[in-house]
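For reference, the structure discussed in these notes is given below.
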Amino acid sequence: MPANGKRTIVVTGGSRGIGRAVCIALAAPEEHIFFNYFSPVDPEGEEAAARETIAAVTNAGGEATGMAVNVTSADEVAGFFGQVMEQTGRIDVLVNNAGITKDTLLVRMKEADWDIVLDINLKAAFRCIQNVARPMMKQRSGRIVNMASIVGVVGNAGQANYVVSKAGLIGLTKTAARELAPRGVTVNAIAPGFIETDMTAALPEKAREAMLSQVPLGRAGKPEDVASAVAFLVSESAAYITGQVLHVSGGMYM
Ligand code: NAP
């Protein structure tokens, strides 16, 4: 536990969807949440989204700081973690959540679409882990949660880049878990199924119906369903769990 009793939590992609729900689920007087976001298209709108996350965390009794940080930039990421360390002197939890899709069949997939998805979804998690590993090892405590996906385990037509990024994230989780375990740091992954966010809102109705027909619990997941699994993995109750993939998919994968 930190000297002032406050844990420092970092969530990537906290402006919307699952990342925002994670920030809210972790909001508590004894937590300071830092999250980042990035919007090349509509910076003003995204800052509004970030403000919404901050307001929701504050309403829940917590403290949140949002920063525009592109996770594909090693310099921006290092600067972000540098600011967090400067303000609080420690990092207790990292949730690697930022992610995108650029779906199309393999034969049509452009190299640029492959590269950007791998960079944001996988390499950025490596970058962030590198930034927190030393402080966490020094503290001899820390929790890292990587947001993978059910498709990283079972594959999915039309998502080769995304599937590979999520399968890679699972490999990264297991390797980091083995490397950091001796210093009391746990590393786990969550594999959400079909969750209602902006990411899935763009799916055609037929694709949605096909997805939902595969969910034994008979409904799409909510961001809060995923956030509560994150809250468990970063809690004291999960101290003896590391290197695992927790599926939050209404039973889509068993
Ligand atoms: P979302 O609503 O599209 O939100 C994505 C978040 O990532 C946003 O906060 C976005 O920031 C941020 N982001 C994207 N590119 C970034 C970059 N270059 N630098 C910094 N931040 C960036 O997505 P979501 O559905 O909540 O997904 C969250 C995670 O869960 C992703 O890793 C996704 O792959 C995974 N997941 C989702 C589902 C699902 O069904 N929704 C299922 C399995 C796994 P801006 O707001 O600034 O764009």
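Readers should treat all values here as calculations from the given coordinates under stated rules, not as data from a laboratory. Computed from a predicted model, the values in this text were never measured in an experiment. Positions of Cβ are generated from backbone atoms using ideal geometry, with glycine treated the same way; all protein chains shown enter the neighbour counts.
Listed values, structure above:
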{"read-out": "Dipole magnitude of region 1-116 about its Cα centre (Cβ charges: Lys, Arg +1; Asp, Glu -1), debye to nearest 20", "value": "300 debye"}
{"read-out": "Potential extension, MET254-ALA207 segment - 0.36 nm per residue separation minus Cα distance", "value": "14.8 nm"}
{"read-out": "Pairs of lysines in region 99-232 (C-alpha under 21 Å apart; 8 or more residues apart or interchain)", "value": "12"}
{"read-out": "Highest average packing first - 47-54, 141-148, 120-127, 152-159, Cβ atoms within 10 Å", "value": "141-148, 120-127, 47-54, 152-159"}
{"read-out": "Listed peptides 9-18, 182-191 by packing density, highest first (mean Cβ within 10 Å)", "value": "9-18, 182-191"}
{"read-out": "Nearest 10 degrees, 0 to 90: helix 74-88 Cα axis against the chain principal axis", "value": "40 degrees"}
{"read-out": "Length gained when the stretch GLU179-MET67 is fully extended (0.36 nm per residue, less Cα-Cα span)", "value": "37.4 nm"}
{"read-out": "Hull-based mean projected area of region 7-248, where the convex hull spans the alpha carbons, in square nanometres", "value": "12.8 nm²"}
{"read-out": "Angle in degrees between helix 160-180 and the longest Cα principal axis of the chain, rounded to the nearest 10", "value": "30 degrees"}
{"read-out": "Tilt relative to the chain, helix 43-59 - C-alpha long axis, 0 to 90 degrees, to 10", "value": "60 degrees"}
{"read-out": "Cα radius of gyration and Dmax for region 66-166 (Å)", "value": "15.4, 48"}
{"read-out": "Nearest-0.05 FRET efficiency for GLU76 and PHE126, computed from C-beta distance (R0 25 Å)", "value": "0.95"}
{"read-out": "Estimated FRET transfer efficiency (GLU52, ILE241; beta-carbon r; R0 35 Å; 0.05)", "value": "0.65"}
